């Protein structure tokens, strides 16, 4: 099948009451986020232009697999909810991951509230990449963001944590995370039952310009197995949220 070559930026729409047989326009939206991702991935060469999937109000119970976008430019392809009030567009699942980048390029997820009552992650990269911003992270039985097997994660814009979770960020097997010049607001005094961030298996965390407000309980970090957490604060002990000091074990380094 021949792909359509885009000549400009384009946005497709997903709404409650939509139909996946539609064309994804504002007047004829798709019904599911996954169909929107598949539609963009299979049918278009983006020609370097921005492509965006605009998600309508409501709660979405989908395990979304992010796919490669041919000819993608800069910025990355986007999934966008309500940027002014992310809690109006909720990704809520009880099993699996909310969004998974599995061997594919990085999408940017923005303007959603994400929660997961199962053991999956809200954002999961497995030999892939995910960027995010203007996200409210709600309740998680497990982990909000997980990367493994040489994945790439990046926080691009301010975010909020409003719910309890096992940990916010988990990196393993050579995964890299960049968090640059953004703020993190903690509301409802969230608790991290393990720690805020775990870096293991030769992973790398680079934080520069991160600020956080509001109380939280739990250990700040665990860095192990020759992983590195590098901060711009010169290893200040209060750099991450939590009320228990972080630890370096088995060759892990906190700078």
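Within the listed set 80, 100, 213, the residue fluctuating most in the Gaussian network model of the chain (springs between alpha-carbon atoms under 10 angstrom) is 213.
Considering the range 1-63, its Cα convex hull presents a mean projected area of 4.6 nm².
Here r is the Cβ-Cβ distance between residue 87 and residue 238 and R0 is 25 Å; the resulting FRET efficiency, rounded to 0.05, is 0.30.
For a modelled paramagnetic label at residue 213, 7 Å from Cα along Cα-to-Cβ, the residues of the range 113-138 in reach, with backbone nitrogen under 17 Å, are 134-137. For the pair residue 206 and residue 2, a Förster radius of 30 Å applied to the C-beta separation gives a FRET efficiency near 0.15, rounded to the nearest 0.05.
Provide the gained length on full extension for the span residue 19 to residue 149, in nm with one decimal, where the gain is 0.36 nm per separating residue minus the Cα-Cα distance.
Between residue 19 and residue 149, full extension yields an extra 43.2 nm.
Under 15 Å from a point 7 Å along the Cα-to-Cβ line of residue 59: which residues of the range 103-121 have their amide N that close? Residues 113-118 fall inside that zone. Once the chain from residue 183 to residue 249 is taken as fully extended at 0.36 nm per residue, the excess over their C-alpha distance is 21.0 nm.
When DSSP beta bridges are limited to those with both residues in the chain, what percentage is antiparallel, rounded to the nearest 5?
0 percent
Can you compute the FRET efficiency between residue 103 and residue 45 using 1/(1 + (r/R0)^6), with r the Cβ-Cβ distance and R0 = 35 Å? Round to the nearest 0.05. The value I calculate is 0.95. Among 37, 51, 247, a tally of other beta-carbon atoms within 10 Å of each Cβ gives an order, fewest to most, of 247, 51, 37.
Read-outs throughout are calculated quantities, based only on the coordinates presented, and are distinct from any laboratory measurement. Note that this is a predicted model, so its numbers are computed, not measured. Please note: Cβ atoms are built from the backbone with ideal geometry, for glycine as well, and neighbour counts cover all protein chains shown.
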